Structure formats: structure tokens, C-alpha cells
């Protein structure tokens, strides 16, 4: 250990908490290294609050996990837009209409890149219907799908989360919430799925929908302004009046290669997840915390990655099957 290593990490942590002191009291923040689970910075991270379209991370993960389990091809599996989409509201960038058909992959692109609420509901309707059919059950397919979202959150240890729909819009009579810590758990798990991580890292995507008048195409742009910056892999944005501007971001660095005492070399993978809830300048805020998070993490590694209180210092994210 270098002589000033410990004092350096204390200075970095102190700087981080000094920065926290100027944050809006209503903001929630979580910065964690995904492979080790090391919590680097947290502020109001356990406060329950609406998370808007960050909900669609869970929607996308449940849909992708179902496709993997069912052996379905995202590019060839076609889905039909249900009648119920007209009751959702919000932006409809593809002008989706009941009866329109699109591939599951294009629906995922629209939901995750364009934050399309109607595409998210279409995914939930199709996958929920298939789940009910294969289980010999009956009922509302969207309700069945949302139940799977909540089962996933429970399996991941997201104890302060409840999903009420697949899109994240607030609805009268329903209560949905999560926390910055739980969104970090969900983001870490989601980015383990190659199909999901490939989608959310795309800056834009050309997709198509087939309706009564034939096929029509759309070019979607990723709502995450950080996509395209070095190392950024995803994951999702969200904004509603109740939730405020939110973003979950994942950034990766090349593995750290170091020589072990026995002379062999070992590689330490490095991936940072930052969750910012309810901040008016969410993208610059996330950029700043990525820089600060990496500095704290590197200093922690340099002193041997000590862990004194594992439940408080490490965010454990299982990989349920």
C-alpha cells in the first residue's frame, strides 16, 4: 500500500459527501460497482418514490427472460397491438393502433429507447398472454405480466419496490414505487442479459410496424443522452411530474489486470451503475457521479478492497433462474 493511499481514499469519500450536501433534498442517488457490489455513494437511496419509465427496465427484463426460457426469437416473433393501448396515453411515436403488428425486438427497442408506453403495454399483453396459456391459466395478461415483474423484484432483493403497470405512468387508484438502491439492483441484473444490454446501448434504431395500410418505418433515438460517450452501456431514462427527471446509467472500463503473489495475472472486471432520481439536470449529475464513483472505487481497490460491514457496504444482486 502506498503511504498516502488511505488518506487519499478518505479525502475522496469526504469530497463525495461534501458534494452530497448540496444535492436537492428530494433527490435520490446510488452509485455502485456492479461486479463487486461495492456501494460507493448513496443519498436517500432507500426512499420510496415513483420511478416513471425506469419501470420499463423491469418490463424489458421480464420480456427478455421469457423469450430466453421459451426459446423465442426476438426478431421473428410477431406481436399484435391490443385494444387496451388506447387507454394508456402519453407519447405514441409510432402511431401504434390496435391490430398493428411488430416484432418483439422492435417493441423492445421502442419501449427501451423511445420510452414508448404503448409498446411496453404491447409487450406485457403478448408475454402475459403466453404465460397464462402455457400455465393453463386465465385472466388479464397484463396483470399476469406485472405479477412477474414483482416476482422478479422480490427475487432480486428489491424489498422497497412495487410495480403496478409495465410503463411507469402514475394511475389513480394504483400505487407504484421503488428506490435508487432497488433500481441499481435491477439495472445490474438487466445488464447481465446480452439481448437487453445490446438494445439499450444503441444510439438509434430503424424499426417497422405493419398496419391496415401496410408497413411503415420509424427511426427511434435513444432518450439517454449519455449513450455514445466512452464506456457508456445504457440503461434507461424516465420522467413524470411525480417522479421528476430520472436516469439509470451503466459504464464499463477495461478489466484491471494485476499480478498475483504467485506470479500469475488476474483480471478484475469493472462496471459502474449510477441511479439518479428526481434531479433537473439528471445527465450532467450522472456524469459527475460516474467520475466521482470511479475515483472512490479505484482508491478502494488500491488499499485492498476492504469490507468491514458487508450488508451496509455491498449491494448483493442474485441471478435468479
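Annotation: average projected area of the range 185-250 is 6.2 square nanometres, based on the convex hull of Cα atoms across all directions. Rounded to whole Å, the principal axis extents of the Cα atoms in the chain read 71, 46, 37, largest first.
In this simple spin-label approximation, residue 310 and residue 87 carry label points 7 Å from Cα along the Cα→Cβ vector, and these lie 4.7 nm apart. Working value for the range 78-232: equivalent-ellipsoid semi-axes of 24, 22, 14 Å, each the square root of 5 times a Cα gyration tensor eigenvalue, largest first. Its DSSP H runs of at least 4 residues, each contributing -39,500 (n - 2.57), put the calculated 222 nm mean residue ellipticity of the chain at -11500 deg cm²/dmol, to the nearest 500.
Taking the fewest neighbouring Cβ atoms within 10 Å as the starting point, the ordered list for 279, 126 is 279, 126.
Counted by neighbouring Cβ atoms within 10 Å, the residues 27, 83, 170, 252 run from fewest to most as 83, 170, 252, 27. How large is log10 I(q)/I(0) at q = 0.20, 0.22 Å⁻¹ when the Debye formula is applied to the Cα atoms of the range 206-321, each weighted equally and without solvent? Taking Cα atoms of the range 206-321 as identical point scatterers yields -1.21, -1.28.
Computed extension length for residue 72-residue 192: 41.3 nm, one decimal, from 0.36 nm per residue of separation with the Cα-Cα distance subtracted. Give the calculated FRET efficiency between residue 212 and residue 242 to the nearest 0.05, with a Förster radius of 25 Å applied to their Cβ-Cβ distance. Calculated transfer efficiency: 0.10. Here the range 104-187 is treated as a sphere whose radius is the Kirkwood value from Cα pairs; by Stokes-Einstein at 4 °C and 1.567 mPa s it diffuses with a coefficient of 96 µm²/s. The simple spin-label model puts a point 7 Å past each Cα toward its Cβ; for residue 140 and residue 254 those points are separated by 5.2 nm. For the chain, the longest principal axis of the C-alpha atoms and the axis of helix 180-190 are separated by about 70°.
Model label points for residue 219 and residue 265, set 7 angstrom from Cα along the Cα-to-Cβ axis, are 4.2 nm apart.
Coordinate-derived values only; no laboratory data. This structure is a prediction, so every number in the text was calculated from the model and none was measured. With ideal geometry, Cβ positions are generated from the backbone for all residues, glycine too; neighbour counts draw on all protein chains shown.
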